[in-house]
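Participant: Before I ask anything, let me first share the structure, which is written out below as structure tokens.
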Amino acid sequence: MMLPKSDFHIHTHCSCDSASAQIQDIVREYRAHGFKQLGISDHLHTRFNLPDIVIARQEYDALGCDADPDLHFGIEVTCATAWECEKIARRDYTSCFTIDVEGIPFRTITPIDGVMFGGPTGGPLQIDLTDEEIRMLKIEYVIGGVHKPNYTRLAPEPMLEDFFNQMCYLIKHPIIDILAHPWDGLAFWSSKTLLTKDRSEMRFDVYRMIPQEMNDELGRLLIENRKYAEINASIIDVQGMPDDAIHAILAIYARWKEQGVTFTYGSDLHEPHYPKDRLKRFDVLIREYGFKEEDFVQPKFRKY
Ligand SMILES: [Zn+2]
Ligand SMILES: [Zn+2]
């Protein structure tokens, strides 16, 4: 039997990446595997993705999910930068589609994941969603995650600092309820993998470099701001991720638990169907770190 009975991090086909599940399949399949509380959480990197969230909400309502007290409509927002949010708002981003990053050319044709490069290093951060939009879309809870650097150098040391700063920002931000997948993506962004497409460059060793003081400070902030940390099952599915990196992350979560941090659980579904094998493997792992069913809670939902 699966450990957690609730999953608040599930992407539908309305997420702007490879996610492709239909809401009705999610509900049927997760319930068949013993989950009770479920939350839909599609991506909003910047307001460029807002039309997708509107569609997700329409489908959710049309399927009558609103009437089920154990189904919830959430969102996963990205820690974006003020610089890119302004560019998106002005629809002035095409100049960022072709850019040299540390001597390697980067090409894109869309700001769908935000504006990846070209901004001022370490500039102000922003979440591109307003309270008014949260109310309009009847969003019950907000997950916030680090998904890209704040235009820092693609190397372990600056990236550790960058991820830490972004997580502090997310935890303190009033609209965020849950800190998504802490430290996830750090190995990817500590290398130039995005530019070179060479996954062998990924710096998995960075997970052994995370200073204890940073984690203790994040744990303290989570408790002080009454935010949840998410245990995210996708960490075991990162291509090429060595076991010691996975264990380094799980050890951080276990230490937070001792500190008194409260957790939610997320499968981070990005596939058309329930990820049975992955969740089974993850279940075994988190038990090893002392996590039990009662360690996973549901967030406080906004009511409409
Ligand atoms: Zn995420
Ligand atoms: Zn996600």
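Participant: Test of understanding: ordering ARG302, ARG107 by Cβ neighbours within 10 Å, fewest first, what list do you get? Numbers along the way, then the final one.
Facilitator: Numbers: ARG302 18, ARG107 8.
Least crowded to most crowded, the residues run ARG107, ARG302.
Participant: What order do you get for ASP131, ASP52 when you list them from fewest to most C-beta neighbours inside 10 Å? Walk me through the numbers before you get to the answer.
Facilitator: Working: ASP131 10, ASP52 18.
Neighbour counts put them in this order, fewest first: ASP131, ASP52.
Participant: Give the percent of DSSP beta bridges with both residues in the chain that are antiparallel, rounded to the nearest 5.
Facilitator: Values: 6 of 32 bridges.
Looking only at bridges with both residues in the chain, the antiparallel portion is about 20 percent.
Participant: Counting only DSSP beta bridges with both residues in the stretch 84-236, tell me the antiparallel percent, nearest 5. List each step's numbers first, then the result.
Facilitator: On the way: 4 of 8 bridges.
Antiparallel: roughly 50 percent of the beta bridges in the stretch 84-236.
Participant: If I model a spin label as a point 7 Å beyond the Cα along the Cα-Cβ vector, how far apart are those points for ARG255 and ASP66 in nm?
Facilitator: It is 4.6 nm.
Participant: Placing unit charges on C-beta atoms (Lys and Arg positive, Asp and Glu negative, everything else neutral), compute the dipole magnitude of the stretch 206-304 about its Cα centre in debye, rounded to 20. Before the final figure, lay out each step's value.
Facilitator: Values: 15 positive and 17 negative charges, 88 e Å.
The calculation lands at about 420 debye.
Participant: Something else now. Where Rh denotes the Kirkwood radius from the mean inverse Cα pair distance, what is Rg over Rh for the stretch 143-222?
Facilitator: On the way: Rg = 12.7 Å, Rh = 13.0 Å.
Looking at the stretch 143-222, the ratio lands at 0.98.
Participant: Taking 0.36 nm per intervening residue step and subtracting the Cα-Cα distance, what contour gain separates ILE55 from ARG281 on full extension?
Facilitator: Numbers: separation 226, 0.36 × 226 = 81.36 nm, distance 3.30 nm.
Computed gain between ILE55 and ARG281 is 78.1 nm.
Participant: Please compute the modelled spin-label separation between TYR304 and LYS5, points set 7 Å along Cα→Cβ, answer in nm with one decimal.
Facilitator: 2.7 nm
Participant: Neighbour counts of other C-beta atoms within 10 Å: give me ILE139, ILE231 arranged from fewest to most.
Facilitator: Lowest count first: ILE139, ILE231.
Participant: Shifting gears a bit: Of VAL77, SER200, ALA254, whose Cα points farthest to the positive end of the dipole of the chain (charges on the beta-carbon: +1 Lys, Arg; -1 Asp, Glu; origin at the Cα centre)?
Facilitator: My answer, from the dipole projection, is VAL77.
Participant: Sorted by average packing, counted as other Cβ atoms within 10 angstrom per residue and highest first, what order do 36-42, 91-97 take?
Facilitator: Details: 36-42: 23.0, 91-97: 13.1.
Averaged packing, sorted descending, gives the order 36-42, 91-97.
Participant: While we're here: Please work out the Cα center distance from the stretch 240-272 to the stretch 43-70, rounded to the nearest Å.
Facilitator: What the calculation gives is 27 Å, centre to centre.
Participant: Can I ask one more? What translational diffusion coefficient, in µm²/s and rounded to a whole number, does the Stokes-Einstein relation yield for the chain at 4 °C and a viscosity of 1.567 mPa s, taking the hydrodynamic radius as the Kirkwood radius over Cα pairs?
Facilitator: Numbers: Rh = 19.6 Å.
Rounded to a whole number, D works out at 66 µm²/s.
Readers should treat all values here as calculations from the given coordinates under stated rules, not as data from a laboratory. Everything quoted here is computed from the prediction, not taken from an experiment. Every residue, glycine as well, gets a Cβ built from its backbone with ideal geometry; the counts of neighbours run over all protein chains shown.
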